[in-house]
Amino acid sequence: MDIQQLLKLTIERSASDLHVITGYYPALRVNGELTQLKTLPIVDNELSKQMLFSILNSEQKENLMVNRELDFGYNFESHRFRTNIYFTKGVIAASFRLIPQKIKSIEELNLPALFRQFIDLKQGFILVTGPTGEGKSTTLASIINEINLKYPKHILTVEDPIEFVYPAAKSIVSQREIGQDTHTWTISLKAALREDPDVVLVGEMRDYETIAAALTIAETGHLVFSTVHTNSASQTVNRIIDVFPPHQQNQIRTQLSSALKAIVSQRLVPNIENTGRIAACEILINNQAVGSIIRDGKIHLIDNVVQTSANEGMILLEKSLYNLYTEGKISKETALSYAIRPNEIKKLIV
């Protein structure tokens, strides 16, 4: 058994992820479900090291041994994998995320038509949020590629690592990978304004410096996209503000109320046939009421505004799940189990 064999199986079975961990069979995640490949040998220390070291160059091996984890993109048979190699109980293990070859359109991903409005924006801040593995990168790649196909712009991405590779179209695209093309998020985002971008994709907002830099770029006339690991629109606003020290929070609320255009909180849920997953989306659009709420720090009122602003395209996650259920796309059990506000979904589904 070698790593190429496992990557080939990942592609053939349309899995989203491959896991190689000592003491277990290799495992694939298909449609959100993890399955161990029990027809293959259990991975031992030596096999794990042999397989994973075979895809690393000398610099990557050195970085792995020093930092005890390594993120990078790996190309295999015209496919790309976002790869994380790490240590567990003193031995190396890995997780491989298969990046789709083709960047799907908004329609192909069954995303709300409202997302097309994001393509035509000149500036502002758009966040796609949700837990790991909920399709945030895929959604953002779809929107970015639509801009790439439609407008002659300079699109700059900062990623760890680079995931989707954009085709040559009307735009020009600079993709920078942490560790390969730049040393840190902070350095790359400070440099971004000198690289004449129209659109900036920040792969993930992880800390105070990254969030501050992304906000500044959005404020200075650029269209900025990024992700946050939060469960809802209101939680996202709180997370951004709470990252800053108390004496700066009033200023950040003002900045955010001005720069923010939309927050999308996304979940991938099993379809009715259990043959794939479909996106359920909570959408917050920054209108006058939302801007005032953010400036005044009354974030608990955001859910109420979302609920009462369906005519502007806003929707709570529970309403999105309910709509998918009534359209026959997901089961009642799925709608109930994926809701983050149990009381809200119970009002909709009896």
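The values are calculated or read from the model by the stated rules, or taken from the named source; none is laboratory data. Being a predicted model, the structure only gives us computed values, none of them experimental. Cβ coordinates were reconstructed from backbone atoms using ideal geometry, including for glycine residues, and neighbour counts include every protein chain displayed.
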Select from region 1-31 the residues that are of a type in the set (Val, Ile, Thr) and part of a helix (DSSP H, G or I) and list them in ascending order.
Ile3, Thr10, Ile11
If you check every pair at least six apart or on different chains, which have Cβ atoms under 7 Å apart with a residue in region 162-175 that is under 15 Å from Lys104 (Cα atoms) and touching a residue at least 40 places away in the same chain (Cβ under 8 Å) first and a residue that is basic (Lys, Arg) and not in a loop (DSSP other than H, G, I, E, B) second?
Glu163/Arg82; Val165/Arg80
If you check Arg239, Arg295, which single one turns out to be assigned to a helix (DSSP H, G or I), basic (Lys, Arg) and either over 24 Å from the mean Cα position of the chain (by Cα) or outside the structural domain of Ile143 (by TED's automatic domain parsing) (or both)?
Arg295
Please go through region 263-292 and give me each residue that is more than 19 Å from the chain's Cα centre (by Cα) and of a type in the set (Gly, Ala, Ser), ordered by number.
Ala289, Gly291, Ser292
Going residue by residue through region 35-46, is there one that turns out to be modelled with pLDDT of 95 or more, surrounded by 13 or more Cβ atoms within 10 Å (Cβ to Cβ), within 19 Å of the chain's Cα centre (by Cα) and not basic (Lys, Arg)?
no
Here is a check on your reading of the model: is Leu201 part of a helix (DSSP H, G or I), out of contact with any Gly (no Cβ under 8 Å at 6 or more places or on another chain) and modelled with pLDDT of 95 or more?
no
So, Gly23, is that one within 26 Å of Gly135 (Cα to Cα) and small (Gly, Ala, Ser) or not?
no
Being more than 26 Å from Asp181 (Cβ to Cβ), of a type in the set (Ser, Thr, Tyr) and either in contact with a His (Cβ under 7 Å, 6 or more places away or on another chain) or assigned to a helix (DSSP H, G or I) (or both) is the requirement here; does Ser48 meet it?
yes
Out of Lys122, Lys136, Lys89, Lys49, report the one residue that is over 19 Å from the mean Cα position of the chain (by Cα), in the same structural domain as Ile315 (by TED's automatic domain parsing) and either surrounded by fewer than 21 Cβ atoms within 10 Å (Cβ to Cβ) or in contact (Cβ under 8 Å) with a residue 60 or more places away in the chain (or both).
Lys122
Considering only residues of region 291-326 that are among the aliphatic types (A, V, I, L, M) and under 16 Å from Ala280 (Cα atoms), which is surrounded by the most Cβ atoms within 10 Å (Cβ to Cβ)?
Leu321
What is the number of the single condition among (1) within 29 Å of Ile172 (Cβ to Cβ); (2) of a type in the set (Ser, Thr, Tyr); (3) assigned to a helix (DSSP H, G or I) that Thr254 does not meet?
(1)
Which number in (1) surrounded by fewer than 20 Cβ atoms within 10 Å (Cβ to Cβ); (2) in a loop (DSSP other than H, G, I, E, B); (3) acidic (Asp, Glu) marks the one condition that Glu177 misses?
(2)
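Would you be able to say whether some residue in region 145-154 is under 14 Å from Val224 (Cβ atoms), surrounded by fewer than 23 Cβ atoms within 10 Å (Cβ to Cβ) and in contact (Cβ under 8 Å) with a residue 24 or more places away in the chain?
Yes, that holds for at least one residue.
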How many residues are in contact with a Lys or Arg (Cβ under 9 Å, 6 or more places away or on another chain) and crowded, with 16+ Cβ neighbours inside 10 Å if we restrict to region 96-110?
5
